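Colleague: Can you keep this structure in mind? I'll have questions shortly.
The values are calculated or read from the model by the stated rules, or taken from the named source; none is laboratory data. In this text the structure is predicted, and so the values were computed from the model without any measurement. We place every Cβ from the backbone using ideal geometry, glycine too, and count neighbours over all the protein chains shown.
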Amino acid sequence: MVEVRFHSLGGQGAVTLVNMLARAGDLVGKYVQAFPFFGAERRGAPVKCFLRMDEKPIYLRSQIYRPDFLVVMSPAVLEAALEEGTKEGTVLLVNAKEEEEAAKKLAGLPFPVFAVDGTSIAIDLGMEVEGMPVTNIAFLGAVSYVTELVPLEAVTEVIRESVPPGRVEASMEAARRGFTSVVEIKGADVPGRKAARGAVR
């Protein structure tokens, strides 16, 4: 079983993201479990979501305290996300520009770190609500790339099913950019993963 914990701010679309990933997992024949945990339900408030995937039925119902993958959709919640718990071998995917000083500091963490500039992707494609970039679709592609839980083909199928017709093209592009623009900050070099990304470009 693979466990993924997501940390975001309300309005970034994390709940929709985990539901779409769960649907993609279902499409490729995996057992899935996805659920959110809310504090204050308002835009900008911290949000946690959880995703499990396995080749067999999942009976565990707890929150995820030691994730295989930790996905942080806003640098504002990075510290809290790390304090929430990791384990040896946890892989971190964070919303950050490679050249930012904050991203460089991530190389000091004791596990593999990847970054994707989901904010710029969302802004560039007009994915904003009340001034907040909605980064979930960019992260849909990035999570596909980093975790290899679901292929990009399944992700795009879910986008076709789930996104209003007028937003499908932009959403497809956001997912593609998320998949192809992930940067490795530290460790976890997987040649097959890089080859897969190159094939999509």
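Colleague: Which condition breaks for E88 when tested against (1) outside any helix (DSSP H, G or I); (2) farther than 19 Å from E184 by Cα?
Modeller: Only one criterion is unmet by E88, namely (2).
Colleague: Of all residues being under 18 Å from A81 (Cβ atoms) and touching a Lys or Arg at 6+ places or on another chain (Cβ under 7 Å) in the stretch 7-35, which is surrounded by the fewest Cβ atoms within 10 Å (Cβ to Cβ)? Just the residue, please.
Modeller: Among them, the one singled out is G10.
Colleague: When you scan the stretch 1-79 for strands (runs of 3 or more DSSP E) that lie fully inside it, which ones turn up with 2 or more residues that are among the small types (G, A, S), modelled with pLDDT under 90 and on the phi < 0 side of the Ramachandran plot? Before the answer, list the steps.
Modeller: On the way: elements: 2-9, 31-38, 46-54, 69-72.
Because the criterion is at least 2 residues that are among the small types (G, A, S), modelled with pLDDT under 90 and on the phi < 0 side of the Ramachandran plot, no strands (runs of 3 or more DSSP E) in the stretch 1-79 meet it.
Colleague: Also, quick follow-up: What are the residues in the stretch 76-89 that are exposed (fewer than 14 other Cβ atoms within 10 Å of the Cβ) and in contact (Cβ under 8 Å) with a residue 40 or more places away in the chain, if any? Show your work before the answer.
Modeller: Initially, the stretch 76-89 is screened for residues exposed (fewer than 14 other Cβ atoms within 10 Å of the Cβ), giving 79-80, 83, 87-89.
A80, the sole residue that qualifies.
Colleague: Within the set of pairs 6 or more residues apart or between chains, which connect a residue that is closer than 10 Å to V91 by Cα inside the stretch 110-126 to a residue that is assigned to a loop (DSSP other than H, G, I, E, B) with Cβ atoms less than 7 Å apart?
Modeller: F111/T86; F111/G89; F111/T90; P112/G187; P112/A188; F114/V182
Colleague: Now for a different question. I'm trying to understand the selection: among the residues of the stretch 91-136, which are in a loop (DSSP other than H, G, I, E, B), surrounded by 14 or more Cβ atoms within 10 Å (Cβ to Cβ) and of a type outside the set (D, E, K, R)?
Modeller: Selection gives A96, L109, F111, P112, L125, M127, V134, T135.
Colleague: Within the stretch 163-192, how many residues turn out to be in a loop (DSSP other than H, G, I, E, B), closer than 17 Å to T16 by Cβ and in contact with a helix residue (DSSP H, G or I) (Cβ under 6 Å, 6 or more places away or on another chain)?
Modeller: 1
Colleague: Among the listed residues L27, L51, L93, identify the single one that is under 18 Å from V182 (Cα atoms) and in contact with a helix residue (DSSP H, G or I) (Cβ under 9 Å, 6 or more places away or on another chain).
Modeller: L93
Colleague: In the stretch 81-109, what residues are touching an Asp or Glu at 6+ places or on another chain (Cβ under 8 Å) and more than 17 Å from F50 (Cα to Cα)?
Modeller: Hits for the stretch 81-109 are G89, N95, A96, K97, E98.
Colleague: Here is a follow-up. Take the stretch 137-162 and flag every residue that is of a type in the set (G, A, S) and either assigned to a loop (DSSP other than H, G, I, E, B) or modelled with pLDDT of 95 or more (or both).
Modeller: A138, G141, A142, S144, A154
Colleague: So A138 passes all but one of these: (1) within 20 Å of V32 (Cβ to Cβ); (2) within 9 Å of the chain's Cα centre (by Cα). Which condition number does it fail?
Modeller: Here A138 clears every test but (1).
Colleague: State whether the residues of the stretch 54-75 include one that is basic (K, R), in contact (Cβ under 8 Å) with a residue 40 or more places away in the chain and touching an Asp or Glu at 6+ places or on another chain (Cβ under 7 Å).
Modeller: No: the stretch 54-75 contains no residue that is basic (K, R), in contact (Cβ under 8 Å) with a residue 40 or more places away in the chain and touching an Asp or Glu at 6+ places or on another chain (Cβ under 7 Å).
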